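**Q** Sharing a structure with you now.
The values are calculated or read from the model by the stated rules, or taken from the named source; none is laboratory data. From a predicted model like this one, the values you see are computed outputs, not experimental measurements. Cβ: placed from backbone, ideal geometry, glycine included. Neighbour counts: every protein chain shown.
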Amino acid sequence: MKKRFLTILLCFCLILLSGCSVPPQYGITQNNDGSVTQSLYIPFSATELNNNGVDIATCLVLSNKIKEVFDSNYLNMYDNFIVRVNTDEGLSAQDKIALIQGCPTREQLKGEGQLNGISYEFSFASAIHYYYFNYGMYYNDLIAELNKDDSIVENSFFTNKIISKGQTIFGQNAEFDEYNSFAEYITNRCSEILKLNTDLSDEIIQTIVPTTYIYRYGTTSRRLHSDADLVRFVNGIYYHEWNITLENSTREISTWRITANTNVWYALALLCGIILAVVLILVCVFKEKKKKPQIEIIEPK
């Protein structure tokens with residue numbers, strides 16, 4: 001996993017949460033056909049707020065505010081994406097059309113809001129479409145960034161272990177001086193919104209705002225291993241899930257693939273071939289000697 005893998009999206013959209021009873025969840029899934037599905041779930045517990053004295057009308061206001069902010073951020077991302085595509089000198093006219101067609105439309109970027117949460121799910125034709133939309137980079141710069149190899153290779157006699165390490169999206173710096181990570185930024189923004197829109201005490205707000213998060217990566221490859229806290233296999237997809245807390249938001253996660261040490265296996269195959277050839281030659285020689293006719297010598301009387 002590259003260090004900047006999936007770190008751009010929440011820089012724009014993980015801004016506003018309130019009344020969370022389950023963790024905010026961000027997921028990226030690489031599908032079997034090469035497409036990429038990006039999902040974001042913002043939990044909103046109207047029941048928990050209502051139990052603490054917040055009326056349903058206020059809950060609806062808070063929920064709508066959250067959706068408006070997230071929708072606005074996604075729409076701004078789309079507008080910037082279109083401007084970038086149209087001015088990208090590294091793309092041909094046909095490439096620009098294909099790139100736009102392979103990303104969500106402006107209308108598809110609006111989320112679905114309910115009292116129990118707000119959800120977003122986008123589909124990209126390929127990983128390149130996903131990266132281009134979310135990274136905010138021009139094509140040539142993006143390819144150069146993606147081609148950087150920051151993996152660690154551990155060699156053993158028969159196999160190679162290719163390890164990628166990095167932080168989850170929740171551990172990235174929020175680029176605000178008072179916050180050290182997105183997780184801290186989210187939690188503090190939750191507190192601010194609740195203080196501005198409700199009469200809840202600081203003590204109650206601290207029990208409501210999110211302090212845990214879920215980062216999820218889905219792949220059809222069973223050869224991808226990780227130090228995930230949980231791995232689920234659902235409908236042909238392996239979902240690797242990491243539980244992130246406010247205290248360990250900068251935790252390092254690892255993924256790895258194990259490949260054959262081809263040089264060793266080629267050498268073993270060559271050696272086995274030589275041994276087999278020698279054995280076959282010896283067998284043939286032994287058989288020839290066994291079949292050789294015996295000449296009987298008769299001495300004269």
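**Q** List the residue pairs whose Cβ atoms are under 6 Å apart, where the first residue sits in segment 75-93 and is in the same structural domain as residue 123 (by TED's automatic domain parsing) and farther than 22 Å from residue 120 by Cβ, the second is of a type in the set (Phe, Trp, Tyr) and buried (at least 18 other Cβ atoms within 10 Å of the Cβ), and the two are 6 or more positions apart or on different chains.
**A** Once the first residue is in the same structural domain as residue 123 (by TED's automatic domain parsing) and farther than 22 Å from residue 120 by Cβ and sits in segment 75-93, its partners that are of a type in the set (Phe, Trp, Tyr) and buried (at least 18 other Cβ atoms within 10 Å of the Cβ) give 88/139; 90/139; 91/139.
**Q** Give me the residue from segment 6-59 that is of a type in the set (A, V, I, L, M) and assigned to a strand (DSSP E or B) and, out of that set, modelled with the highest pLDDT. Steps first, answer last, please.
**A** Residues of segment 6-59 that are of a type in the set (A, V, I, L, M), as a first pass: 6, 8-10, 14-17, 22, 28, 36, 40, 42, 46, 49, 54, 56-57.
Next, from what is left, pick out any that are assigned to a strand (DSSP E or B): 28, 36, 40, 42.
Numbers: 28: 90, 36: 95, 40: 84, 42: 77.
Within segment 6-59, the match that is modelled with the highest pLDDT is 36.
**Q** Output the qualifying pairs, or none if there are none: Cβ atoms under 8 angstrom, residues six or more apart or on different chains, first residue in segment 234-260 and of a type in the set (Val, Ile, Thr), second residue surrounded by fewer than 13 Cβ atoms within 10 Å (Cβ to Cβ).
**A** As it stands, the answer is 258/223, since those pairs meet every condition given.
**Q** Only residues that are without any contact (Cβ under 8 Å) to a residue 24 or more places away in the chain and under 15 Å from the mean Cα position of the chain (by Cα): list them for segment 101-127, please.
**A** Within segment 101-127, none qualify.
**Q** Report yes if some residue within segment 187-202 is over 27 Å from the mean Cα position of the chain (by Cα), at pLDDT 80 or above and basic (Lys, Arg); otherwise report no.
**A** Among the residues of segment 187-202, at least one is over 27 Å from the mean Cα position of the chain (by Cα), at pLDDT 80 or above and basic (Lys, Arg), which makes the answer yes.
**Q** Run down 154, 184 and say which single residue is under 20 Å from residue 25 (Cβ atoms), in the same structural domain as residue 99 (by TED's automatic domain parsing), of a type in the set (Asp, Glu) and at pLDDT below 85.
**A** Working: 154 fails: under 20 Å from residue 25 (Cβ atoms).
Residue meeting the stated conditions: 184.
**Q** Looking only at segment 222-238, which residues are surrounded by 12 or more Cβ atoms within 10 Å (Cβ to Cβ), farther than 13 Å from residue 253 by Cα and not hydroxyl-bearing (Ser, Thr, Tyr)? Before you say what the answer is, go through the steps one by one.
**A** First, pick out the residues of segment 222-238 that are surrounded by 12 or more Cβ atoms within 10 Å (Cβ to Cβ): 224-229, 231-232, 237-238.
So of that shortlist, the ones also farther than 13 Å from residue 253 by Cα come out as 224, 231-232, 237-238.
Residues satisfying the conditions are 224, 231, 232, 237.
**Q** Sticking with this structure for a sec: Taking the condition assigned to a strand (DSSP E or B) and in contact (Cβ under 8 Å) with a residue 40 or more places away in the chain, does residue 213 pass?
**A** Numbers: assigned to a strand (DSSP E or B): yes; in contact (Cβ under 8 Å) with a residue 40 or more places away in the chain: yes.
Judged against the criteria, residue 213 is a match.
**Q** Now a separate question. If you take the residues of segment 139-151 that are modelled with pLDDT of 70 or more and polar (S, T, N, Q), which of them is nearest to residue 88 (Cα to Cα)?
**A** Step one: filter segment 139-151 for residues modelled with pLDDT of 70 or more, giving 139-148.
Subset that is polar (S, T, N, Q): 140, 147.
On the way: 140: 9, 147: 19 Å.
For segment 139-151, the residue satisfying everything is 140.
**Q** Then there's this: Scan (1) farther than 30 Å from residue 26 by Cβ; (2) modelled with pLDDT under 75 for the single condition residue 276 breaks and write down its number.
**A** (2)
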